[in-house]
C-alpha cells in the first residue's frame with residue numbers, strides 16, 4: 001500500500017462569482033507543487049467548470065475530455081448503490097478513489113512535486129443533463145452520499161499532501177459539501193462590495209457556529225483589491241474586518257492586523273482577459289504583484305512552510321506566457337471539408353459555391369491515412385470545419401468518429417466552429 005501522506009484538503013469558496021477564486025486556487029496549487037508537494041486540484045464547480053483553463057498549456061484537452069471526472073465518479077457509485085445484494089462493509093471506497101481519474105500536468109516540478117487535476121466530469125453531450133438530474137438530497141438519504149464523500153476525502157488525504165477544491169458559489173447542496181464535509185481549511189474569497197462581504201461573512205459565521213466541532217479553519221481572503229480608489233478600498237477593508245470579526249479563529253490584535261495585511265489579492269488588469277497563471281505571468285521579486293500575493297496566501301495556508309515560488313528560467317517563463325496568450329479569432333475564410341471519396345461530387349459543388357462567396361476550402365478525405373495532417377489542411381488557421389454528412393460518411397468509422405467527437409479544441413483552449421451538411425440522393 002502507498003504511504004499515507006496524511007494530507008490537507010482546502011476548499012476555495014466565494015459567495016458571489018467574479019472574485020478571482022479559481023485564479024487564486026490555481027496559483028497556490030502550482031506554488032505548492034513547485035515546492036515538492038504532491039498536489040491535487042479539483043474542479044467542483046459542476047455548473048460552470050473552468051479550473052482547467054488555467055492549466056490548459058499543460059493538459060491534453062482531448063485526453064481530458066475522455067477521462068471521467070467528479071460527476072462520473074458520483075454517478076457510478078450511485079448506480080452501484082442502487083443494486084441489491086451482499087457487499088463488503090467498505091465496498092464504497094473503491095468508487096471514491098480519485099487518483100486513477102486525475103490527470104497529471106505535463107510539467108517537471110522540482111523535488112518530486114506534482115500537480116494532478118480532477119475535472120468536473122467528462123465533457124460530452126450528456127454532461128449538462130447528468131448534472132441537472134442530480135438529486136443531492138436523494139443521494140444522501142438513499143445512496144449513502146455521506147459515506148461516499150467521507151471516503152473520497154480520506155483518499156485525497158492519503159495520496160496527496162494538499163488537495164485544493166474549487167467550490168461552486170452561493171448557497172447550494174454542492175457548496176455545502178465543499179465547505180463543510182470535505183475541507184480542513186476553508187478559504188472564503190470576497191470582493192469589497194457590500195453584497196460580497198455580507199454574503200461571505202454570513203456563510204463563514206454559519207459554518208463556524210453550526211459545525212464548530214469539525215474544527216474547520218476558516219480564512220477570509222479579500223480579492224480583486226483595486227488601489228485606484230484608495231478611500232473606497234479602505235472603507236471596504238474596515239467593513240470586512242467588522243463583518244469577519246473573530247476570523248481567523250484565535251487571531252487578535254497585531255496578529256490579526258498582520259493576517260489581513262498579508263492575504264489580500266490585488267486586482268491586476270493584465271489577468272482580467274485570459275486565464276494566465278501568475279507563476280508565469282509575473283517576474284519574481286515584485287512585492288506588489290499577483291504572484292507575490294499568492295505566495296503570501298500559500299504561506300498562510302501552510303503555516304509558513306511554503307513562502308515562495310522557486311525560480312523559473314526566464315526564457316522558459318516567457319515562452320509559457322505566450323502559450324497562455326489568447327490569439328485573435330482566425331479568419332472565417334478557411335473551411336475544411338471533411339468527406340469520404342463517394343462524395344467527391346458534393347465536394348466539387350461546395351468548393352465552387354463557397355469559392356464564389358470568397359471562402360478557401362480544404363477538402364480532407366477522412367479515410368486517408370494522412371487525413372489529420374493533410375498538406376492542404378490549414379490546421380490551426382481553419383475557422384470552420386464542415387462535415388459532408390452523407391450516409392457513406394456516417395457509416396464510415398473515421399467519419400462517425402469525427403462526428404461523435406464534436407468540435408476540435410485549438411491551442412488556446414477554444415473551439416473551431418463545426419457545421420454539418422446533410423447530403424444524399426432524394427427523389
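The values are calculated or read from the model by the stated rules, or taken from the named source; none is laboratory data. Keep in mind the model is a prediction, meaning the values are calculated, not measured. We place every Cβ from the backbone using ideal geometry, glycine too, and count neighbours over all the protein chains shown.
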**Complete:** By residue number, the members of region 268-304 that are in contact (Cβ under 8 Å) with a residue 60 or more places away in the chain, surrounded by fewer than 22 Cβ atoms within 10 Å (Cβ to Cβ) and in a loop (DSSP other than H, G, I, E, B) are 275, 302
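Conditions tested, residue by residue: (1) modelled with pLDDT of 95 or more; (2) surrounded by 16 or more Cβ atoms within 10 Å (Cβ to Cβ); (3) more than 19 Å from residue 46 (Cβ to Cβ).
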site	(1), (2), (3)
157	yes, yes, yes
163	yes, yes, no
175	no, yes, no
179	no, yes, no
197	yes, yes, yes
200	yes, yes, yes
**Residue match in region 215-228 (condition: without any contact (Cβ under 8 Å) to a residue 12 or more places away in the chain and either within 26 Å of residue 300 (Cβ to Cβ) or within 19 Å of the chain's Cα centre (by Cα) (or both))** = yes
**Fill in**
Residue pairs qualifying under the 7 Å Cβ cut-off, at least six apart or on distinct chains, with the first in region 412-427 being farther than 23 Å from residue 344 by Cβ and the second being part of a strand (DSSP E or B) and modelled with pLDDT of 60 or more, are 416/384; 416/385; 417/384
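Consider residue 129 carefully, then state whether it is on the phi < 0 side of the Ramachandran plot and assigned to a loop (DSSP other than H, G, I, E, B).
Working: on the phi < 0 side of the Ramachandran plot: yes; assigned to a loop (DSSP other than H, G, I, E, B): no.
Criteria not met by residue 129.
For (1) in contact with a strand residue (DSSP E or B) (Cβ under 9 Å, 6 or more places away or on another chain); (2) within 14 Å of residue 43 (Cα to Cα); (3) loosely packed, with under 15 Cβ neighbours inside 10 Å, each residue gets a yes or a no:
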residue: 101; (1), (2), (3): yes, yes, no
residue: 105; (1), (2), (3): yes, no, no
residue: 108; (1), (2), (3): no, no, yes
residue: 126; (1), (2), (3): no, no, yes
residue: 144; (1), (2), (3): no, no, no
residue: 148; (1), (2), (3): no, no, no
residue: 167; (1), (2), (3): yes, yes, no
residue: 182; (1), (2), (3): yes, yes, no
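Can you pull out the residues in region 12-34 that are assigned to a helix (DSSP H, G or I) and either in contact with a strand residue (DSSP E or B) (Cβ under 7 Å, 6 or more places away or on another chain) or closer than 16 Å to residue 48 by Cβ (or both)?
Here is the first cut: in region 12-34, the residues assigned to a helix (DSSP H, G or I) are 21-34.
Within region 12-34, 21, 22, 23, 24, 25, 26, 28, 29, 30, 32, 33 meet the criteria.
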**Complete:** If we ask which residues in region 86-113 are farther than 19 Å from residue 153 by Cα and in contact (Cβ under 8 Å) with a residue 24 or more places away in the chain, their number turns out to be 8
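Here is a yes/no grid of residues against (1) crowded, with 21+ Cβ neighbours inside 10 Å; (2) within 16 Å of the chain's Cα centre (by Cα); (3) assigned to a helix (DSSP H, G or I):
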position: 10; (1), (2), (3): yes, yes, no
position: 36; (1), (2), (3): no, no, no
position: 47; (1), (2), (3): no, yes, no
position: 63; (1), (2), (3): no, yes, yes
position: 71; (1), (2), (3): no, yes, yes
position: 85; (1), (2), (3): no, no, no
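Kindly evaluate residue 21 against the criterion of being in the same structural domain as residue 200 (by TED's automatic domain parsing) and at pLDDT below 95.
Numbers: in the same structural domain as residue 200 (by TED's automatic domain parsing): yes; at pLDDT below 95: no.
Considered against the rule, which asks whether it is in the same structural domain as residue 200 (by TED's automatic domain parsing) and at pLDDT below 95, residue 21 comes out as no.
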**Item:** Filtered residues of region 205-253 (kept if surrounded by 12 or more Cβ atoms within 10 Å (Cβ to Cβ) and part of a loop (DSSP other than H, G, I, E, B))
**Value:** 211, 216, 223, 224, 226, 244, 246, 247, 248, 249, 251
**Item:** Residue identified as more than 23 Å from the chain's Cα centre (by Cα), assigned by TED's automatic domain parsing to the domain that holds residue 200, at pLDDT below 90 and in a helix (DSSP H, G or I) among 92, 142
**Value:** 142
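Based on what the data block shows, is residue 193 at pLDDT 90 or above, buried (at least 20 other Cβ atoms within 10 Å of the Cβ) and either closer than 30 Å to residue 208 by Cα or not assigned by TED's automatic domain parsing to the domain that holds residue 51 (or both)? Steps first, please.
Values: at pLDDT 90 or above: yes; buried (at least 20 other Cβ atoms within 10 Å of the Cβ): no; either closer than 30 Å to residue 208 by Cα or not assigned by TED's automatic domain parsing to the domain that holds residue 51 (or both): yes.
Considered against the rule, which asks whether it is at pLDDT 90 or above, buried (at least 20 other Cβ atoms within 10 Å of the Cβ) and either closer than 30 Å to residue 208 by Cα or not assigned by TED's automatic domain parsing to the domain that holds residue 51 (or both), residue 193 comes out as no.
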**Prompt:** So which residues in region 319-347 are free of Cβ contacts under 8 Å to residues at least 12 places away in the same chain and surrounded by 12 or more Cβ atoms within 10 Å (Cβ to Cβ)?
**Reply:** 319, 344
